[in-house]
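What follows is calculated from the coordinates using simple rules that are stated; it is not laboratory data. Here the structure is a predicted model, which means the values were calculated and not measured. We place every Cβ from the backbone using ideal geometry, glycine too, and count neighbours over all the protein chains shown.
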Ligand SMILES: Cc1cc2nc3c(=O)[nH]c(=O)nc-3n(C[C@H](O)[C@H](O)[C@H](O)COP(=O)(O)O)c2cc1C
């Protein structure tokens, strides 16, 4: 491991390392307004949701590392404590990037980047028509962490009204991540497109209390075949299958054939059963995987 004390490197270097490793980060596309009514639109990936009652979002227009100047978005929310946080889909990414240009104060990045202003219903700044989702927010607090370049300014926002495009929803009324087609920020010039193989499901371990990896028998836990992800799935079952179910599973043709083929090679049998269990895990058949794995313990007596 490379171990770095932030005090031993420049702020710019540590900034780059943080952003490279803490990724992907969601992007708040923040629309704000100054007291003259001039509109500003800028992206911020120091951003996330922090609670839903009240619904809170925080983004951070930090002091520039390069020259310690402050962002217009920060100045605006100090003048008019309202913001619309728009979500960025892949179809918007190039224009969103253009909007991050350091245009002089008062320049409207909706216009420069070619986005359409939609009047908000509660707050003064407009929302981005092209965004799949947008949150009208009141700024509850701004917490600044110093006057040096790179210092964070946490803009704590309470959502007053949310807008979602109708086409985002699936049949159950949930937001379909494929339809959101979101982008996120990585380090340097890299972005992430939440689509295709980048999207996958992991069942939440909320329904039962899983046995935990520590309770997996050692010959399985220290398998030459199974990965950490496989062990995570195996540790998520509330209990092991019953002996009779394991025995019955042993009557499957695949298992019978393996037992015959490797009758004089216990190590080979273990490896093949673990490979078979891994396939079952990839198919989402966790209990069957357990039954395959526990054949070896039956076999070993
Ligand atoms: C995808 C993306 C994410 C960004 N995230 C941040 C951020 O979290 N904090 C920040 O201070 N600047 C961030 N920036 C840079 C600002 O958008 C940029 O400094 C912009 O000019 C600020 O505009 P303003 O002065 O009009 O507020 C980001 C830029 C891009 C393209």
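What whole number of Å gives the distance from the Cα centroid of region 223-263 to the Cα centroid of region 1-74? One Cα centre to the other: 48 Å.
The distance between label points at residue 64 and residue 117 comes to 2.5 nm (points 7 Å beyond Cα on the Cα→Cβ vector).
Suppose the chain between residue 75 and residue 243 were pulled fully straight at 0.36 nm per residue; how much longer would it get relative to their current alpha carbon spacing? Intermediate values should be presented prior to the final figure.
Details: separation 168, 0.36 × 168 = 60.48 nm, distance 6.74 nm.
Computed gain between residue 75 and residue 243 is 53.7 nm.
Based on the alpha-carbon gyration tensor of region 45-86 and its eigenvalue square roots a ≥ b ≥ c, which shape applies: rounded if a/c is under 1.5, prolate if not and a/b is larger than b/c, or oblate? Oblate is the answer for region 45-86, as a/c is 1.5 or above yet b/c matches or exceeds a/b. A Gaussian network model of the chain, with springs between Cα atoms under 10 Å, assigns the largest mean-square fluctuation among 62, 289, 134 to 289.
At 222 nm, what helix-only mean residue ellipticity would the chain give, in deg cm²/dmol to the nearest 500, using -39500 (n - 2.57) for each DSSP H run of four or more?
Numbers: 11 runs with 94 residues, N = 301.
My calculation for the chain gives -8500 deg cm²/dmol from helical runs alone.
Take region 6-198, drop everything but the C-alpha atoms, weight them equally and run the Debye formula without solvent; then report log10 I(q)/I(0) at 0.07, 0.11, 0.17 Å⁻¹ to two decimals. Calculated log10 I(q)/I(0) at the listed q: -0.19, -0.48, -1.19. What percent do you get for the relative contact order of region 213-300 when only Cα pairs under 8 Å and 6+ apart count? Here the relative contact order equals 35 percent. With no solvent and one equal point scatterer per Cα, compute the Debye intensity ratio I(q)/I(0) for region 1-72 at 0.19 Å⁻¹ and report its log10, rounded to two decimals. The Cα Debye sum returns log10 ratios of -0.98. Once both labels are positioned 7 Å from their Cα atoms along Cα-to-Cβ, the gap between residue 202 and residue 263 label points is 4.4 nm.
Please state, as a whole number in µm²/s, the translational diffusion coefficient that the Stokes-Einstein equation yields for region 213-300 at 25 °C and 0.890 mPa s, with Rh defined as the Kirkwood radius across alpha carbon pairs.
Numbers: Rh = 12.8 Å.
Translational D for this selection: 191 µm²/s.
Extending 7 Å from Cα along the Cβ direction at residue 8 and again at residue 48 yields two label points whose distance is 2.7 nm.
Tell me, what is the percent relative contact order of region 6-198, built from C-alpha pairs under 8 Å that lie six or more residues apart?
Values: 438 pairs, mean separation 49.8, N = 193.
Relative contact order here is 26 percent.
Applying 1/(1 + (r/R0)^6) with R0 = 25 Å to the Cβ-Cβ distance of residue 105 and residue 148, what FRET efficiency is obtained, to the nearest 0.05? Provide the component values of the computation, followed by the final result.
Values: r = 22 Å, r/R0 = 0.88.
E(calc), rounded to 0.05, equals 0.70.
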